[in-house]
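Every read-out reported here was derived from the displayed coordinates using simple, explicitly stated rules and does not represent laboratory data. These figures come from a predicted structure and were not determined experimentally. Neighbour counts run over all protein chains shown; Cβ positions are idealised from the backbone, glycine included.
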DNA sequence: ATGTTC
C-alpha cells in the first residue's frame, strides 16, 4: 500500500504535508502542517509503508504546538509514526502512549576506553564479546542474574540509575552523563500494575532482543575535532562500547495497561481521533498524569538496566584485559533515550514555553548553553547517539541550537525498510553471521531467528539518515563508529 | 520492541 497524499518539497531536507490535506477518508481536519525530514531519494520508501498518514493524523490531536514532525528514519508505528516528534500544550494538550512507544526509554549509551584498535587482535575481541555475552543476559525473555524483591524493585522504579550506583553497579560520576541524570523524580509506583512489576523484576539487568545490542566499536572518522575532544575522543581507532536497550517487558506492560485506560479516557473527555491507536488524555487529567507517572517508572527501569549492563561491561573488559575499568578510562560519554514524552521548555515563536514533547524513535538533541547539557559539554552541545543496524556504522553527533525547530530532537537510527517476517523468509542467521565475519565483525547471537530479522539489508542506510539531520542542521556529525564485535539479543 | 496471540 502506497501513500499518495501531498509531500511538498520545502528544500533539500524537508517535505511538507500541508494543513489543507483532507486525508484518505476526506474528513481530516489538520490543525497544523506536518514536516518530514528527508531527501528526494528517500521519499519513495517513506510513502511505501503509509507512515505519512500518521504524521497527518498527529496534527489533529488537541493542543498540538507547532508542527507534527518526522525524522528521516520514519516508518509505520502504533498510532504515531516511529521517528515522530510532537509537542503538546502544557494546559490544553494531550499525552499519548502511542507517541512514546511500547519500549519506554529505549535508548543508547556510549562508553569510551583509552584502548586503541591496534591493542586488540581478533581473538581478544572474540574473548571480550563472549565474556560480555556470559555476563549480560541476552535474548527474548532473557532473565537477569540479580533477583530483586518487591521493595528493591520499587526503589529501582523511583531512583533509576541512582539505585544501581548506590548498589555498586557503577561510578559516582556516571549519572552526570545520563539524560535527566538517569532519574525522573515524579515516578509514582502506585500507578504501575502488579503485572508490570512481575514481568519486570526478573528482567532488570538484561539486554533483550530485536535490534538491541552491545557492540565493541572503533572510531573510524572524526568530523568535528573540538567536539570529539570534549566527548573524550582523541583519535581514530579509539575503542568504544555502545549499548542499545530499553525497559524490557516492564515498559511494554506499562504501555499496554495505560493504553487501555486512555482508550476509555478518549470517550470520557470527548476527544475525536482519526485513529483509535492515538488514544490519549488531557495532560491535566488524572488519566494523563497517571500515565506520565507510570512512564517515569519505566524510564527509570531502563536507565537502571543500562547502568547495570555498563557495570558488567566494565567487569568483562577488566577480566579479559587484566586491567581495571578505571585504568581503561571506561567513562560514560552519554546516555540518551529515544522513546519518551517529557515536559520541557522550548523557544517557540521567540517566546519560552513549556510543552510536553513526545519523541518516538527520535533522540533529544539539545544545543550548546542549555542547562540540561552536562557542564563539560555545555559549549559544544549534548552528545547524540545514533546506532546503526547490526554490523554497520553508528554515529556520535552533537545537538545544535537549530534543533529548537524540532523541539530539540533528531533521528534515532536506521529505521526498518523490511518487516521482521519478510526478513526471516529472506535470510538465514548463519548466513548473516558469515557476512559479518567477512567484514571482520565477530557476532555472538542469542538466537538465529533474531539474527535474520536484523539483517543489515532489512534497514535503511544509517549514514543517509544522519546526513539528512546534519544537512538540516538539527544535529551535527562528530564521529563515525564501526563495529568490531557484537552481542546480539 | 514484546512471556511475537487480549
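Does the stretch A:305-312 contain any residue that is in contact with a strand residue (DSSP E or B) (Cβ under 6 Å, 6 or more places away or on another chain) and not in a helix (DSSP H, G or I)?
Checking the stretch A:305-312: not a single residue is in contact with a strand residue (DSSP E or B) (Cβ under 6 Å, 6 or more places away or on another chain) and not in a helix (DSSP H, G or I).
In this structure, is residue A:215 crowded, with 24+ Cβ neighbours inside 10 Å and within 16 Å of DNA strand B (Cβ to nearest atom)?
Yes, satisfied.
Suppose the filter is in a helix (DSSP H, G or I), surrounded by fewer than 24 Cβ atoms within 10 Å (Cβ to Cβ) and touching a residue at least 24 places away in the same chain (Cβ under 8 Å); does residue A:463 pass it?
yes
Tally the residues that are within 16 Å of DNA strand B (Cβ to nearest atom), surrounded by fewer than 23 Cβ atoms within 10 Å (Cβ to Cβ) and in a loop (DSSP other than H, G, I, E, B), restricting the search to the stretch A:161-208.
Qualifying residue count, the stretch A:161-208: 1.
Could you tell me whether the stretch A:380-392 includes any residue that is without any contact (Cβ under 8 Å) to a residue 40 or more places away in the chain, surrounded by fewer than 24 Cβ atoms within 10 Å (Cβ to Cβ) and assigned to a loop (DSSP other than H, G, I, E, B)?
No - not one qualifying residue is present in the stretch A:380-392.
Please find, within the stretch A:446-457, the residue that is farthest from DNA strand B (Cβ to nearest atom) out of those that are under 22 Å from the mean Cα position of the chain (by Cα) and over 12 Å from residue A:431 (Cβ atoms).
So, considering only residues that are under 22 Å from the mean Cα position of the chain (by Cα) and over 12 Å from residue A:431 (Cβ atoms), the one farthest from DNA strand B (Cβ to nearest atom) is A:446.
Among the candidates A:6, A:62, single out the residue that is surrounded by fewer than 24 Cβ atoms within 10 Å (Cβ to Cβ), touching a strand residue (DSSP E or B) at 6+ places or on another chain (Cβ under 8 Å) and farther than 26 Å from residue A:339 by Cα.
On inspection, the qualifying residue turns out to be A:6.
If you scan the stretch A:471-489, which residues turn out to be outside any strand (DSSP E or B) and either within 13 Å of DNA strand B (Cβ to nearest atom) or surrounded by fewer than 21 Cβ atoms within 10 Å (Cβ to Cβ) (or both)?
The answer is A:471, A:473, A:489.
Those residues that are out of contact with any strand residue (DSSP E or B) (no Cβ under 8 Å at 6 or more places or on another chain) and buried (at least 24 other Cβ atoms within 10 Å of the Cβ), I need them from the stretch A:280-296; list them, please.
Listed by number, the residues that qualify are A:294, A:296.
Could you list, in sequence order, all residues of the stretch A:218-228 that are in a loop (DSSP other than H, G, I, E, B) and either within 16 Å of DNA strand B (Cβ to nearest atom) or farther than 28 Å from residue A:128 by Cβ (or both)?
Of everything in the stretch A:218-228, just one residue is in a loop (DSSP other than H, G, I, E, B) and either within 16 Å of DNA strand B (Cβ to nearest atom) or farther than 28 Å from residue A:128 by Cβ (or both), namely A:224.
Regarding residue A:158, is this residue surrounded by fewer than 20 Cβ atoms within 10 Å (Cβ to Cβ) and within 16 Å of DNA strand B (Cβ to nearest atom)?
no
Can you name the condition, by its number, that residue A:76 falls short on among (1) touching a residue at least 60 places away in the same chain (Cβ under 8 Å); (2) surrounded by fewer than 21 Cβ atoms within 10 Å (Cβ to Cβ); (3) touching a strand residue (DSSP E or B) at 6+ places or on another chain (Cβ under 8 Å); (4) closer than 26 Å to residue A:32 by Cβ?
Only one criterion in (1) touching a residue at least 60 places away in the same chain (Cβ under 8 Å); (2) surrounded by fewer than 21 Cβ atoms within 10 Å (Cβ to Cβ); (3) touching a strand residue (DSSP E or B) at 6+ places or on another chain (Cβ under 8 Å); (4) closer than 26 Å to residue A:32 by Cβ is unmet by residue A:76, namely (1).
Consider the stretch A:102-141. How many of its residues are assigned to a loop (DSSP other than H, G, I, E, B) and either within 16 Å of DNA strand B (Cβ to nearest atom) or within 13 Å of residue A:313 (Cα to Cα) (or both)?
11
Could you check how many residues of the stretch A:393-414 are more than 18 Å from residue A:358 (Cα to Cα) and either free of Cβ contacts under 8 Å to residues at least 40 places away in the same chain or surrounded by fewer than 24 Cβ atoms within 10 Å (Cβ to Cβ) (or both)?
The total comes to 3.
Can you pull out every residue in the stretch A:413-442 that is closer than 26 Å to residue A:83 by Cβ and part of a loop (DSSP other than H, G, I, E, B)?
Hits for the stretch A:413-442 are A:413, A:414, A:415, A:417, A:418, A:419, A:427.
Can you find a residue that is on the phi < 0 side of the Ramachandran plot and without any contact (Cβ under 8 Å) to a residue 60 or more places away in the chain anywhere in the stretch A:287-307?
yes
Against the condition free of Cβ contacts under 8 Å to residues at least 40 places away in the same chain and either assigned to a strand (DSSP E or B) or within 16 Å of DNA strand B (Cβ to nearest atom) (or both), how does residue A:264 come out, does it pass?
yes
Here is a list: A:270, A:235. Which entry is without any contact (Cβ under 8 Å) to a residue 40 or more places away in the chain, surrounded by fewer than 24 Cβ atoms within 10 Å (Cβ to Cβ) and more than 23 Å from residue A:185 (Cα to Cα)?
Unique residue meeting the criteria: A:270.
Are any residues in the stretch A:256-267 over 21 Å from the mean Cα position of the chain (by Cα) and surrounded by 21 or more Cβ atoms within 10 Å (Cβ to Cβ), and if so, which ones?
Hits for the stretch A:256-267 are A:262, A:265.
Has the stretch A:230-241 got at least one residue that is part of a helix (DSSP H, G or I), more than 13 Å from DNA strand B (Cβ to nearest atom), at negative phi and under 23 Å from the mean Cα position of the chain (by Cα)?
yes
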